[in-house]
Amino acid sequence: MRRERNQRYKLVFQIDNVEKDVVLHPNKGYRIAVIVIVKSKPSNESLHQGVVHVDFNHTEAFPSPADLATLPGGNVMKMQVYAEIKKYIKPQIPYLIPNN
């Protein structure tokens, strides 16, 4: 039996800027600022707009736990933002890495 997830929030992402992360990952890491807009699903009312920084390398994306903690709402919304932002960024990684 397949379980359907009832997602309560609609998420809108927009990439703001990409920069080399010289502090945490001097050789391979990059940091991206992603604008996150959280909307209520039934009413499409905007609940939150903010920036979540995502560290990434050539294979994986890591949303900042500190930025996720600032999101209003409970853990359901924070986990949904975490999962969806990883799914949004990961396929775009080859296009986000600046050419040297």
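The values are calculated or read from the model by the stated rules, or taken from the named source; none is laboratory data. Everything numeric here is computed off the predicted structure, so don't read it as measured data. Positions of Cβ are generated from backbone atoms using ideal geometry, with glycine treated the same way; all protein chains shown enter the neighbour counts.
Things to note:
- Elements of type helices (runs of 4 or more DSSP H) in segment 55-100, at least 1 residues being closer than 19 Å to residue 8 by Cβ and among the aliphatic types (A, V, I, L, M): 65-69, 75-89
- Looking across segment 1-45, the residues that are hydrophobic (A, V, I, L, M, F, W, C) and either within 11 Å of the chain's Cα centre (by Cα) or modelled with pLDDT of 80 or more (or both) come down to 11, 12, 13, 15, 18, 32, 33, 34, 35, 36, 37, 38.
- Failed item, numbered, when residue 76 is tested on (1) hydrophobic (A, V, I, L, M, F, W, C); (2) under 15 Å from residue 20 (Cα atoms); (3) loosely packed, with under 14 Cβ neighbours inside 10 Å: (2)
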